[in-house]
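A quick write-up on the structure given underneath.
Values in this text are rule-based calculations from the coordinates and carry no lab data. Keep in mind that this is a model prediction, so the values were computed, not measured. In this analysis, Cβ positions are derived from the backbone assuming ideal geometry, glycine residues included, and neighbour counts consider all displayed protein chains.
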Amino acid sequence: MNPRVSIIMGSTSDLKIMEKAARFFDEMEIPFEMNALSAHRTPEAVEKFAKEAEQRGLEVIIAGAGMAAHLPGVIAATTPLPVIGVPINATLDGMDALLAIVQMPPGIPVATVGINNALNAAILAAQILAAGDPAIRKKLVAYKDQLKQKIEKANTELKSIQFKFKTN
């Protein structure tokens, strides 16, 4: 089994956030790999990873980073593959990471999800793969249908809650 997606984090302190993507890929049966690479502490390893990613068969890269948050941009600068950045709340409520990831120069795009939202990064990666993979597309449709059913059930439950001035 060869990975189609790579989940990269600046250090294992980010694992608590990034494992949400791993759980989603397990649920969707999408092969993935996980590695810790630092744009600042292991820049040569990051460059080697990014340059070899496509030839290794990877199709999408998810990179989580906090604080200075250069990891997603450095990877995107060195690979033609789509890179999805996950800003991680390490300082300043994650706003520093969000801005560092989303403000990329022209020609080096990084798709960026919300702070600590590795699950949305995984869903976006699956949607990218689903463009050419009907089996993944079918699983995504089922997943989103479950989300819809969850909200419909919540509305049904809310109808049974009584308040003096509640009208529905």
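Between the listed residues Pro3, Ala76, Phe25, the Cα displaced farthest toward the positive end of the dipole of the chain, a dipole computed from Cβ unit charges relative to the Cα centre, is found at Phe25.
Spacing of the modelled spin labels on Ser11 and Asp26, each 7 Å from Cα toward Cβ, amounts to 2.5 nm. Loop-resident trypsin sites (Lys or Arg not before Pro) (DSSP state other than H, G, I, E or B) in the range 22-79 with no more than 12 further Cβ atoms inside 10 Å of their Cβ: Arg41, Arg56.
Rounded if a/c is under 1.5, else prolate if a/b beats b/c, else oblate: with a ≥ b ≥ c from the C-alpha gyration tensor eigenvalues square-rooted, which is the range 1-115? Please list the in-between numbers first.
Numbers: a/c = 1.58, a/b = 1.19, b/c = 1.33.
Judged from the Cα gyration tensor, the range 1-115 comes out oblate (a/c at least 1.5, b/c at or above a/b).
With everything on Cα atoms, drop me the angle between helix 118-130 and the longest principal axis of the chain, reported from 0 to 90° to the nearest 10. Tilt of helix 118-130: around 80 degrees. For the pair Met1 and Asn35, label points projected 7 Å from Cα toward Cβ lie 1.9 nm apart. The angle separating the long axis of helix 43-52 from the principal Cα axis of greatest extent in the chain is about 80 degrees.
Bridgeable aspartates and glutamates around Lys153 (alpha carbons under 17 Å apart, same-chain partners fewer than 8 residues away excluded): Asp145. In order along the range 73-83, the phi-based Karplus estimate (6.51 cos²θ - 1.76 cosθ + 1.60, θ = phi - 60°) of 3J(HN,Hα) comes to x, 5, 5, 4, 6, 10, 9, x, 6, x, 10 Hz; Gly and Pro are listed as x. For Lys139, a cut-off of 15 angstrom between C-alpha atoms picks up these aspartates and glutamates, skipping any fewer than 8 places away in its own chain: Asp26, Glu27, Glu29.
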